[in-house]
1. Name the strands (runs of 3 or more DSSP E) wholly inside segment 21-87 in which the number of residues that are closer than 14 Å to residue 9 by Cα is 2 or more.
2. Since residue 37 meets every condition but one in (1) in contact (Cβ under 8 Å) with a residue 24 or more places away in the chain; (2) open to solvent by 100 Å² or more (accessible area, probe 1.4 Å); (3) among the acidic types (Asp, Glu), which condition does it not meet?
3. Quick one: what pairs do we get from segment 1-23, first residue under 23 Å from residue 37 (Cβ atoms), second exposed (fewer than 10 other Cβ atoms within 10 Å of the Cβ) and modelled with pLDDT of 95 or more, C-beta under 8 Å, 6+ apart or different chains?
4. Are any residues in segment 15-50 among the polar types (S, T, N, Q) and either within 21 Å of residue 70 (Cβ to Cβ) or under 13 Å from the mean Cα position of the chain (by Cα) (or both), and if so, which ones?
5. Within the set of pairs 6 or more residues apart or between chains, which connect a residue that is within 17 Å of residue 7 (Cα to Cα) inside segment 55-77 to a residue that is at pLDDT 95 or above and polar (S, T, N, Q) with Cβ atoms less than 8 Å apart?
6. Considering segment 11-20 alone, what residues qualify as being surrounded by fewer than 12 Cβ atoms within 10 Å (Cβ to Cβ) and in a strand (DSSP E or B)?
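The values are calculated or read from the model by the stated rules, or taken from the named source; none is laboratory data. Just so it is clear, the model here is predicted, and its values are computed rather than measured. Backbone-built Cβ (ideal geometry, glycine too); neighbour counts: all protein chains shown. In case anyone asks, the SASA skips ligands and DNA or RNA and just uses the protein heavy atoms, side chains included. Shrake-Rupley method; radii C 1.70, N 1.55, O 1.52, S 1.80 Å.
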Amino acid sequence: TAEGQEFIVSGEYREIDPPRKLVFTWRWEHAPEDAPDTLVTLVFEDQGEATEVRLRHEHFLSEEDRDNHADGWQGCVANLYSLLAND
């Protein structure tokens, strides 16, 4: 992050279907032991000159966790867009 804070996540790939789909589990390094892994699904759809990316992140314990992750993913996607737009 801009503040220099480091976030460590682990997971396991559940489905790899190039170039269409990627599914993996998501677990924060310091998550409570009894917290379930969440699941991330990325679907890539060819749109000719562009690729549509659909992201679904599910199995949260609370709406707050879900909303926090939504904010984080929006930031990641915006950063990726900026990076690719500069090429």
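1. Qualifying strands (runs of 3 or more DSSP E): 21-28, 38-46.
2. (2)
3. 22/13; 23/13
4. 25, 38, 41
5. Pairs found: 69/38.
6. 13, 15, 16, 17
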